[in-house]
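Scroll down for the structure; my scribbles are underneath it.
The values are calculated or read from the model by the stated rules, or taken from the named source; none is laboratory data. Note that the coordinates shown come from a computational prediction; the quantities given were computed from them, not determined experimentally. Cβ: placed from backbone, ideal geometry, glycine included. Neighbour counts: every protein chain shown. Quick note on the areas: whole protein, heavy atoms, side chains included, nothing else; ligands and nucleic acids left out. Shrake-Rupley method; radii C 1.70, N 1.55, O 1.52, S 1.80 Å.
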Amino acid sequence: FNRVPDYTEKCIHFINSNNLQSQVEISEYAANTDELINASDVMVSGSKLEPFGRTIIEAARFSRPIVAFASGAYPELIEHNKTGFLAPSADTAAMAALLKKLADTDELRTTLGTTNLKYCSERFSIDQAVDGVLRAYNDIS
């Protein structure tokens, strides 16, 4: 994050201009993100071209709902209105509205987060990965 100074400055300016200092924390790179995810209420990804979305799976482990753009791999990883929300690609106003909806409703955050944990546990377990590799090998042999 801090490797791109102009971007960092723009983010800090936005946070300060909108009095979000008590709600947004900018942190340095963290090799172990468990503590950060566990301390959060929602996982937000502003990436427009995410090839897999490992952060989505990591957030699911802590029953966190997701808000991301409907692009890249996210539509395959997030069930809109069930495990989180998908904003139209690059529509930051829509993403902000979805975040506000989650910020305003504890029950909705809990419901989406719980569903996200179940959904990702079923789709992305070690057993699922092994089965997928074995199917692929069987298909080519």
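Observations on the model:
- Condition broken by Ala30, with the remaining ones in (1) outside any helix (DSSP H, G or I); (2) buried (at least 16 other Cβ atoms within 10 Å of the Cβ) satisfied: (2)
Each row is one residue, and each column tells you yes or no for (1) in contact with a helix residue (DSSP H, G or I) (Cβ under 6 Å, 6 or more places away or on another chain); (2) modelled with pLDDT of 95 or more.
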{"site": "Glu76", "(1), (2)": "no, no"}
{"site": "Glu79", "(1), (2)": "no, yes"}
{"site": "Pro88", "(1), (2)": "yes, yes"}
{"site": "Asp91", "(1), (2)": "no, no"}
{"site": "Asp104", "(1), (2)": "no, no"}
{"site": "Glu107", "(1), (2)": "no, yes"}
{"site": "Thr110", "(1), (2)": "no, yes"}
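- Residue within region 39-51 that is without any contact (Cβ under 8 Å) to a residue 24 or more places away in the chain and either part of a helix (DSSP H, G or I) or open to solvent by less than 40 Å² (accessible area, probe 1.4 Å) (or both) present: no
- The number of residues in region 68-86 that are within 18 Å of Lys118 (Cβ to Cβ), open to solvent by less than 10 Å² (accessible area, probe 1.4 Å) and in contact with a strand residue (DSSP E or B) (Cβ under 7 Å, 6 or more places away or on another chain) comes to 4.
- The listed residues are Arg64, Arg109, and the only one of them that is touching a residue at least 40 places away in the same chain (Cβ under 8 Å), among the charged types (D, E, K, R), out of contact with any Lys or Arg (no Cβ under 6 Å at 6 or more places or on another chain) and part of a loop (DSSP other than H, G, I, E, B) turns out to be Arg64.
- Of all the listed residues (Leu102, Leu108), the sole one being surrounded by 16 or more Cβ atoms within 10 Å (Cβ to Cβ) and closer than 19 Å to Tyr119 by Cβ is Leu102.
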